[in-house]
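A.B. asks: Sending over a structure as C-alpha cells; questions will come in a sec.
The values are calculated or read from the model by the stated rules, or taken from the named source; none is laboratory data. Source: prediction; values computed, not measured. Every residue, glycine as well, gets a Cβ built from its backbone with ideal geometry; the counts of neighbours run over all protein chains shown.
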Amino acid sequence: MELYRLIIDGLDKDALILLADLLKISLTDHTKTLNSLKELLPQDLIPIIHKPLKKCSNERSDIHGVPSELGSFPAFDTFHRDLIEIAKSLEELNKWIENSLSADSKACLEREETMNELFPKFMGPPRPEFKMDELKRAEGKTIKSVEFGEETKCEGVHGSEGMIFHFTDGSSMAILVGSNAEDLTDEFDGMKADAFQTDLMVFWAPSIKKNK
C-alpha cells in the first residue's frame, strides 16, 4: 500500500499532459495517469516500465478483496522481487525521459533545489513599478561582459556593491543597491548611513539540458 502511494499516486497528471504535448501524443483520458504513461511510452518499453507499475496497482486493488482460499504466501520474497522490478522500471523511465527531452535529471533536481532554497520569492511588483520596464529592456539581449565589485565609497553613504552588464548591441545595464539607510539616520540619533554595508549575492540555477 505504501509503495502504491509513493509510485502510482506519485504520477503527476499535469506533468504527463505537458510531456504528451511535447511528444505530440494525444491522451485518451488524462485523469488515468497510469494509462496515460502507457500511451506515452514506446512499445518496446511498455513491458519494462509500465508492466511493473501496473502490477503494483493491481496488487493494491486486490488488497480490498477477500481471497478465495487461505494459505502460505512468500510475502518478503515476493515484495523484494517486485521492488527490484519497480526500481528497474523507474530507472528506465528516467532514462527515457532524459533522452526524450535531452535533459539531465540530476541537473533538474539541482536546479529545483537551488531555486527553492536560494532564489528570492516575490510577493509583488518592484517599488516603483517602472523599474520592471527598465529591466525588461535587457530581455533577448546577449551579454558580452560583466563587471562586478565594490563601489567607490561616498561620504555619508552606505558601502555597497554594484553590477554592470555590457551587451553585444553596445548597450549596458547597471544594477545597484538602494536602501533606506539615510532615512533611518534622521529617525534615530547617533546612527550614520556610512555604518551600513550592503552587498549583492549571486546564485546560479543550472540548465536542465544535457551537456554535449
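A.B. asks: Which one of these is loosely packed, with under 14 Cβ neighbours inside 10 Å, at pLDDT below 95 and within 19 Å of SER89 (Cβ to Cβ): LEU6, LEU34? Let's see the steps before the verdict.
C.D. replies: On the way: LEU34 fails: loosely packed, with under 14 Cβ neighbours inside 10 Å.
Of LEU6, LEU34, the one residue that is loosely packed, with under 14 Cβ neighbours inside 10 Å, at pLDDT below 95 and within 19 Å of SER89 (Cβ to Cβ) is LEU6.
A.B. asks: Still on this model: Just to verify a result, which residue in the stretch 107-142, among those that are polar (S, T, N, Q) and under 22 Å from the mean Cα position of the chain (by Cα), is surrounded by the most Cβ atoms within 10 Å (Cβ to Cβ)?
C.D. replies: THR114
A.B. asks: Quick one: is SER207 out of contact with any helix residue (DSSP H, G or I) (no Cβ under 6 Å at 6 or more places or on another chain), touching a residue at least 60 places away in the same chain (Cβ under 8 Å) and either in a loop (DSSP other than H, G, I, E, B) or loosely packed, with under 12 Cβ neighbours inside 10 Å (or both)?
C.D. replies: Yes: the conditions hold for SER207.
A.B. asks: Do you know which residues across the stretch 12-62 are among the small types (Gly, Ala, Ser) and touching a helix residue (DSSP H, G or I) at 6+ places or on another chain (Cβ under 8 Å)?
C.D. replies: Passing the criteria: ALA20, SER26, SER36, SER57.
A.B. asks: Can you find a residue in the stretch 75-88 that is under 32 Å from the mean Cα position of the chain (by Cα) and either over 21 Å from MET1 (Cβ atoms) or at pLDDT 95 or above (or both)?
C.D. replies: yes
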